[in-house]
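Note sheet for the following structure.
The values are calculated or read from the model by the stated rules, or taken from the named source; none is laboratory data. Everything numeric in this text was worked out from a predicted model, so none of it was measured. Methodologically, a virtual Cβ is constructed for each residue, glycine included, from the backbone with ideal geometry; neighbour enumeration extends over all protein chains shown. For the accessible areas, the whole protein counts, side chains as well, though only heavy atoms, and no ligand, DNA or RNA atoms are used. Shrake-Rupley method; radii C 1.70, N 1.55, O 1.52, S 1.80 Å.
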Amino acid sequence: SLVITMIFTVVEFVGGIVSNSLALLSDSFHMLSDVLALGLSMVAIYFSSKPPTKNYTYGFLRLEIIVAFLNGLALIVISLGIMYEGIMRIIHPRPVESGIMILIAFIGLIANIVLTIILMISLKKWHFIGDLLNSLGIIVAFVLIHFTGWNIVDPIISILISLIILRGGYKIIKNASKVLMERVPDRYDTDEIMGAMKDVEGVIDIHEFHLWSVTTNQSSLSAHVVLSDDYIKSPY
């Protein structure tokens, strides 16, 4: 996935410059964010597999969340830049070479279909479905520009792409922030857990209760459990 994405990022970027298409350039930056995400994820996976040390008792699992946060931040910055340039091009339209645009868009469509299939098989996820829709959007933009001459369609499509990128960046930062702020994971209910603990025979009270995520799908809990004297003295 990383190799295919890197190649197509370069193809789209060059195609966007040659055709003067902001839609292609914006999608190339979107693909670049995927390259960064995939590359940094590989680094995070490598370090997270390392055992804990005396200074990093959780190991390097949290690196995954830091990488995700930085990737989400990059997505937001990229989307705002594309949005600004799109608005400028609406105010000051520029001619677009639609022939190159459609060629690159079709190549992108094929590349994203391949990436979607790869991730569907390996991860059971449809991550690249958004990129696939971007490629379809660029093809639609070409058809409109070719038959109507409305070059303004190009920046409009790029702004729509930037909104997709912005939404993705926001979701990533939101989820990463929950872990960095050590918020209780959504799948747990603290009242229910504490209630179950207090239902255990001999438990009088629970305090200093903390529940947080170290990284994705790995949570930790700490608490002070007050036991009755009778339970402490019991041989059981």
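Taking (1) outside any strand (DSSP E or B); (2) of a type outside the set (Asp, Glu); (3) over 30 Å from residue 72 (Cα atoms) in turn, residue 188 satisfies each apart from (3). The single condition from (1) part of a helix (DSSP H, G or I); (2) farther than 18 Å from residue 179 by Cβ; (3) open to solvent by 40 Å² or more (accessible area, probe 1.4 Å); (4) without any contact (Cβ under 8 Å) to a residue 40 or more places away in the chain that residue 109 fails is (3). Whether any residue in the range 144-159 is at pLDDT 80 or above, open to solvent by less than 40 Å² (accessible area, probe 1.4 Å) and more than 23 Å from residue 19 (Cβ to Cβ) is what I want to check. Checked the range 144-159: no residue is at pLDDT 80 or above, open to solvent by less than 40 Å² (accessible area, probe 1.4 Å) and more than 23 Å from residue 19 (Cβ to Cβ).
Every residue, every condition in (1) modelled with pLDDT under 80; (2) of a type in the set (Gly, Ala, Ser); (3) surrounded by 19 or more Cβ atoms within 10 Å (Cβ to Cβ); (4) within 11 Å of the chain's Cα centre (by Cα), yes or no:
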site	(1), (2), (3), (4)
32	no, no, no, no
42	no, no, no, no
45	yes, no, no, no
50	no, no, no, no
56	no, no, no, no
61	no, no, yes, no
67	no, no, yes, yes
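For the structure I just gave you, tell me whether residue 162 is open to solvent by less than 30 Å² (accessible area, probe 1.4 Å) and at pLDDT 80 or above.
Here the answer is yes, as residue 162 does meet what is asked.
For the range 93-108, the criterion of a residue being under 15 Å from residue 158 (Cα atoms) and at pLDDT 85 or above is satisfied by no position. Put simply, of 172, 204, 193 the only residue that is in contact with a helix residue (DSSP H, G or I) (Cβ under 6 Å, 6 or more places away or on another chain) and on the phi < 0 side of the Ramachandran plot is 172.
Among the listed residues 162, 177, 220, identify the single one that is of a type in the set (Ser, Thr, Tyr), closer than 21 Å to residue 23 by Cα and outside any loop (DSSP other than H, G, I, E, B).
Details: 177 fails: closer than 21 Å to residue 23 by Cα; 220 fails: closer than 21 Å to residue 23 by Cα.
Answer to the check: 162.
Checking each residue in the range 211-236 for being surrounded by fewer than 11 Cβ atoms within 10 Å (Cβ to Cβ) and at pLDDT 90 or above picks out 222, 224. When residues in the range 8-45 are screened for being among the β-branched types (Val, Ile, Thr), out of contact with any Leu (no Cβ under 8 Å at 6 or more places or on another chain) and without any contact (Cβ under 8 Å) to a residue 24 or more places away in the chain, 3 of them pass.
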